[in-house]
Amino acid sequence: MKIDVIIETAPDKRFEAVIDPDKEYGLSFGLLGEGHSVQECIDDFYVSVAEMKELYAKKGKVFPEDLEFTFKYDVASFLAHYSDVLSLSGLEKITGINQRQLSHYLNGVKKPRPETIRKIETGIHRFANELSQVNFV
């Protein structure tokens, strides 16, 4: 079963990974990962999975073995994670959304509307596709 896990920024500027609360997977447990980086957060999420498996085993319950996790970012966590590689100025050029607005999303002042999220995602994908076509001589 494929499970979407959302990576988001916590109020203390750490990252959290939680099972997408907008989707119903029929699981009788929750999982959480936390960390100062996205990788720490994902690693901690898998520790949570291992701990839940262990708890199920101790209680004689069957833990679902077919779980596949897909990690997805909210806009703020994406901007925070890539802020040392992609400047807000560069992201403005890529997405067409001004730096001030991107800064509001990064700092949690505002949340982007669904159409803005799609615009950011489309710009990032277009840029990634362009980069994937680069060949050096």
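The values are calculated or read from the model by the stated rules, or taken from the named source; none is laboratory data. Everything quoted here is computed from the prediction, not taken from an experiment. Backbone-built Cβ (ideal geometry, glycine too); neighbour counts: all protein chains shown. SASA here: full protein model, heavy atoms, side chains in, ligands and nucleic acids out. Shrake-Rupley method; radii C 1.70, N 1.55, O 1.52, S 1.80 Å.
Some points to look at:
- Restricting attention to segment 45-64, the residues that are open to solvent by 80 Å² or more (accessible area, probe 1.4 Å) and not acidic (D, E) add up to 6.
- Some residue of segment 88-105 being open to solvent by 100 Å² or more (accessible area, probe 1.4 Å) and at pLDDT 95 or above: yes
- Tally, over segment 1-39, of residues that are out of contact with any Pro (no Cβ under 9 Å at 6 or more places or on another chain), open to solvent by 60 Å² or more (accessible area, probe 1.4 Å) and among the aliphatic types (A, V, I, L, M): 1
- Within segment 27-62, tally of residues that are in contact with a Gly (Cβ under 6 Å, 6 or more places away or on another chain) and aromatic (F, W, Y): 1
- Looking at I42, I120, just one residue is farther than 17 Å from E16 by Cα, of a type in the set (A, V, I, L, M) and open to solvent by less than 80 Å² (accessible area, probe 1.4 Å), and that residue is I120.
- Test: residue in segment 125-134 that is among the polar types (S, T, N, Q), in a helix (DSSP H, G or I) and either under 20 Å from I6 (Cβ atoms) or in contact with a helix residue (DSSP H, G or I) (Cβ under 6 Å, 6 or more places away or on another chain) (or both): no
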